[in-house]
Amino acid sequence: MNGYYAKRILSALITLLIITTLTFVMMRSIPGGPFTRERPVPDEILKTLNEKYNLDAPMYEQYFDYIKGLVTFDLGPSYSKIGTTVNDLIISGFPASARIGLYATILIVIFGIPLGIISALKQNKPIDYLVMFMATLGVTVPSFVMATLIIYFFAGKLGILPSFGVTSPLGYVGPVLALSGYSLSFVARLTRSSMLEVLRQDYIRTARANGLSEFKVIYKHAIKNALIPVVTYLGPMIAAILTGSFVIEKIFAVPGMGRYFVESVGNRDYTTITGITVFYAAFYILMVLLVDIAYGFIDPRIKLGKEK
C-alpha cells in the first residue's frame, strides 16, 4: 500500500512539473510581453523593467529560476500588480472561491446523491420522471445562463437576492446555485444509473433470496457499490468547484481567484497565469489522489497496493 501511494505521489509531481513547463513555455512563446501596452512603453523603461524581473535572460535561465521558487512555494511577483506577489493574490482570492465551492459541494452531495438513489428505487414512477427531467434540464443549461436567470428573477424582479457581491449570506445563494446546477444534475443522473446497474447484479438477488430485509439490501450492499463511480467524479469536481468558476465569479462580482486569472490573461502577467494554473493543477491532482484513498474505504475489495 505504501509503495502504491509513493508511486501516485511521484506521478503527481511529474504531472505537475509537465503542466508547469508547458504553461511556462507557452506563455513566453506568445508575441509581446507583460509590459506591452496599447501605448508603446519607452525603450529605456521597458529595458529597466525586463532587467528588474530578469525577463532579458535566456528562457532556460528564467525557467530554472521559476522552478527554484516553486520548490520553496514562491510563485514570484505579479507583473500587473506592482508590489504584490502571486502568493498574495492566491491567499486573497482563494478563500472567496473556496467558500462558494464548499457550499456548492455540500449542496451537490446532500441533494444529488439522494435524488439519484430515490430515482433508481422508484424507476419509471412519476418521481423518477420528475427527477430525471430536472437533472436533464440542469445538465443542458449552461452555468452562465442559470446565473443570468437567477439575477434577473431573484435579484431584479423579486428583489430577494443581491445582484452582485458576497458581503452578506444571501449574496452566496446566487453563485452557489449557479455553480452547483450542472454538477448536482450530473451526480443525480450518475447515481441513478450506477444504482440501477448494481440492483441488477446477482449478489443483490442472492441477498434478497436469503431473506435479508430490503433496507439491508439497499443501504448495506447496493449503495456502497453504487457510489464508486460517483466518488470518482466527485474528486475532480470538488477541485474544480473549490478553486472557483471564472464565469460565475465574473457575473456575480465575487472577489475570487477567477477575477485575478482573467485580469492576468488580459495583462499577459506570466507569473500570475502560471502560478494560478499550477495551484489549480496541484489541487486537482490532490483531489484525485484522495479519491484513490477513498476507494479502499468504500469497497474493501479494491486493493490499491496489489496492482498487476
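Taking one quarter of the surface of the C-alpha convex hull of segment 1-112 gives a mean projected area of 11.3 nm².
Amide H to amide H, with H built 1.01 Å from N, Thr85 comes under 5 Å of Ser78, counting only residues 5 or more places away or on other chains. Note the angle between two axes, namely the Cα long axis of helix 173-199 and the longest principal axis of the Cα atoms of the chain, as a number of degrees from 0 to 90, rounded to the nearest 10. Roughly 40 degrees between the two axes.
What is the Rg over Rh value, at two decimals, for segment 229-294, using alpha-carbon atoms and the Kirkwood definition of Rh? If you can, show how the numbers build up before the last one.
Numbers: Rg = 13.5 Å, Rh = 12.7 Å.
Rounded to two decimals, Rg over Rh is 1.06.
Can you tell me the relative contact order of segment 174-257? Whole percent, Cα pairs under 8 Å, sequence separation 6 or more. Numbers along the way, then the final one.
Details: 42 pairs, mean separation 33.1, N = 84.
RCO, segment 174-257: 39 percent.
Angle between the Cα long axis of helix 126-140 and the longest principal axis of the chain, 0 to 90 degrees, nearest 10? Roughly 10 degrees, rounded to the nearest 10.
Pairwise inverse Cα distances across segment 111-202, averaged and inverted, put the Kirkwood hydrodynamic radius at 14.4 Å.
Principal axis extents of the Cα atoms in segment 59-171, from largest to smallest and rounded to whole angstrom, are 65, 36, 23. Peptides 45-51, 256-262 ranked from most to least packed, by the mean per-residue count of other Cβ atoms within 10 Å: 256-262, 45-51. Taking every DSSP helix (H) stretch of at least 4 residues in the chain, weighting each as -39,500 (n - 2.57) and dividing the sum by the residue count yields a mean residue ellipticity at 222 nm of -22000 deg cm²/dmol. When the P(r) is computed for the chain, the part past 30 Å accounts for 49% of the Cα-Cα pairs.
Just to be sure I follow the rule: in segment 17-125, considering lysines 8 or more places apart or on different chains, how many pairs have Cα atoms under 26 Å apart?
Working: Lys47/Lys68; Lys47/Lys81; Lys52/Lys68; Lys52/Lys81; Lys68/Lys81.
For segment 17-125, qualifying lysine pairs total 5.
Using the Cα coordinates of segment 176-289, the gyration tensor eigenvalues translate into equivalent-ellipsoid semi-axes of 42, 14, 9 Å, sorted from longest to shortest. If Rh is defined by the Kirkwood formula over all Cα pairs and Rg also comes from Cα, what ratio Rg/Rh do you get for segment 55-120? We get a ratio of 1.32 for segment 55-120.
Bear in mind these aren't lab numbers, they're just calculated from the coordinates by the rules spelled out. For clarity, every value in this text was computed on a predicted model and none was experimentally measured. Glycine also receives a Cβ, built like all others from the backbone with ideal geometry; neighbour counts cover every protein chain displayed.
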